[in-house]
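No value in this document is a laboratory result; all are computed from the given coordinates. Remember, it's a predicted structure, so these values are computed and weren't measured experimentally. Neighbour counts are summed over all protein chains in view; Cβ atoms, including those assigned to glycine, are modelled from backbone coordinates with ideal geometry.
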Amino acid sequence: MENINTIVIFSIAIGGAIFVGLVLFWFVSVYLKKRVGSEVSAKPAAVSTPRGPWDEKRTHPRLSVSWPAFIPTPQGPLTAQLRDISQGGAFVVCPAPLALSERFQINIAVPERTTITLNAEVVWSNANVSTETIINRGMGIRFVENDAASRRALADALSLLVTGFTTQKDDAQRATIDGKAG
């Protein structure tokens, strides 16, 4: 009987030692990853990594806005709010996003400016995502097939947002303030 008790105690001791060893190994490996990983990540990468489908593909920088907009639909105007915008597209917050690839006109009410009407296409939507998962129901749109006047009106609105001046109408005022004229 004493022989069996010795074997049980010895087995428990070996199991405990293995467990403690694994915990120590885990602790040291996590510590080293944090310690060495932070030094490695601080250095710039010498080799460029291939781009995946989830990487940023925008060619124009986005600007945060809160501009009202509406989209004419056969059921009546769909009221919306722009959360960000660029020369290439925008994020439109609306209760019922349109279908993917749908083309439409959007009327954007730029503060202190006239309404800009642009042609757009839905490139992504969170219409099928559960309400618990998303913050703002809406869709990403791309501006397509707009005439030069519409593109210029958008460029002026974005320029006004960034600099306080438009790209065309306020060039003379900007030059005067910069000390280049008058």
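Summary table
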| read-out | value |
| --- | --- |
| Cα-projected label distance for residue 17 with residue 84, points at 7 Å along beta-carbon direction, nm | 5.7 |
| Spin-label pair residue 152/residue 117, simplified geometry with 7 Å Cα→Cβ offset, distance in nm | 1.8 |
| Phi-based couplings in Hz for the range 124-135 (Karplus 6.51, -1.76, 1.60; Gly and Pro marked x) | 7, 8, 10, 4, 9, 8, 5, 5, 6, 8, 9, 8 |
| Full-extension gain in nm, residue 2 to residue 75, via 0.36 nm per residue minus C-alpha separation | 17.5 nm |
